[in-house]
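The values are calculated or read from the model by the stated rules, or taken from the named source; none is laboratory data. As the structure is a computational prediction, the values presented were derived from the model and not from experiment. As a convention, Cβ positions derive from the backbone with ideal geometry for all residues, glycine included, and neighbour counts pool all protein chains shown. What goes into the accessible areas is simple: the full protein's heavy atoms, side chains included, and nothing from ligands, DNA or RNA. Shrake-Rupley method; radii C 1.70, N 1.55, O 1.52, S 1.80 Å.
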Amino acid sequence: MRKLDTKTIVVASHNAGKIREIAELIEPFGFSASSAAALNFAVPEETGTTFEENAAIKALASAKASGLPALSDDSGLVIDALDGAPGVYTADWAETGDGTRDFQMAMQKVETALQDKGATSADKRTCRFVSVLCLAWPDGHTELFRGEVEGVIASPPRGTAGFGYDPLFQPQGYETTFGEMSSEEKHGWKPGDAAALSHRARAFKLFVETCLEA
Ligand code: IMP
């Protein structure tokens, strides 16, 4: 386990929603964090078949390009009735073909796939959001952290907060979707808290415990 001994890192992402959430989570720790998007780094091809592989590809690309430690996130929605789809292909389900992403369309695809499986009641619409964070150093060393949160696919999607599939995801034990939560509610965590809510905040808490705390 390697500790992080600098306060300057790169957030290895081109996804504005993820960059904002990671910036919010890391802000209390006094980091200066640029992003792969802001630094105009090329978008690496995600050729892995696991969240861990793709997270490492992204973090290593930014660490090598910047000469700084880089923190990536590879994440997705894993739906039981769809045998784990869209999983590592969650972003691909939103591709329009012209280089843009349409999450209304992606959420409709999920609903159609669930209807095709007859998954109309909550007990048949169970899923989890997964986030794997990877901290990579320019010398090729990596540390990986996985966070998961269980929930159900809401119908219809609700809320306009957050990004991506947030309006579709209702965490277990909650009446609201991530799309109806403030950022603070979705993270459900601040430094010192014993537990976190979102997949990303759960992975981030492990990163803090492993790489930041003595
Ligand atoms: P990737 O990690 O770049 O392969 O993309 C992950 C995909 O999952 C993106 O399409 C995101 O929109 C979606 N996703 C991951 N985390 C979240 C989240 O916290 N809220 C909503 N969508 C998410």
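Please give the per residue accessible area of the chain, computed with a probe of 1.4 Å over protein heavy atoms only, in Å².
Solvent-accessible surface per residue comes out at 46 Å².
Have a look at 187, 112, 167 and report the one farthest towards the positive end of the charge dipole of the range 104-209, computed about the Cα centre with Cβ charges (Lys/Arg +1, Asp/Glu -1).
112
Can you give the log10 of the normalised intensity I(q)/I(0) at q = 0.14, 0.15 Å⁻¹, computed with Debye over equal Cα scatterers of the chain?
-0.82, -0.94
Ranked highest first by the average count of other Cβ atoms within 10 Å around their residues, in what order do 157-168, 136-147 fall?
Listed from highest to lowest mean packing, they are 157-168, 136-147.
In Å, what Rg and Dmax follow from the Cα atoms of the range 111-211?
15.5, 49
Just reorder 13, 183 by solvent-accessible area, largest first, 1.4 Å probe, all chains present.
Sorted descending by solvent-accessible area, the residues read 183, 13.
Where the only charges are on Cβ atoms (+1 Lys, Arg; -1 Asp, Glu), what is the dipole of the chain about its Cα centre, to the nearest 20 debye?
260
If I ignore ligands, DNA and RNA and count only protein heavy atoms, how much of residue 120 is accessible to a 1.4 Å probe, in Å² to the nearest 10?
Residue 120 exposes around 90 Å² with every protein chain in place.
About its Cα centre, how strong a charge dipole does the range 42-94 have in debye, to the nearest 20, once Lys and Arg get +1 and Asp and Glu get -1 at the Cβ?
My answer is approximately 300 debye.
If you roll a 1.4 angstrom probe over the protein chains with everything in place, what fraction of the accessible area of the chain belongs to carbon and sulfur, to the nearest %?
52
What does the helix-only formula give at 222 nm for the chain: each DSSP H stretch with n ≥ 4 adding -39500 (n - 2.57), the total divided by the residues, and the result rounded to the nearest 500 deg cm²/dmol?
-8000 deg cm²/dmol
Could you list, in their original order, any pairs among 58/109; 7/64; 58/190; 3/58; 58/186; 58/205 whose Cα atoms are separated by more than 22 Å?
58/109; 58/190; 58/186
Going by Cα centres, the range 105-168 and the range 1-55 are how many Å apart?
19
Apply the Karplus curve 6.51 cos²θ - 1.76 cosθ + 1.60, θ = phi - 60°, to the phi angles in the range 73-89 and return the couplings in whole Hz, x for Gly and Pro.
9, 10, 9, x, 9, 10, 10, 4, 5, 9, 6, x, 6, x, x, 5, 9
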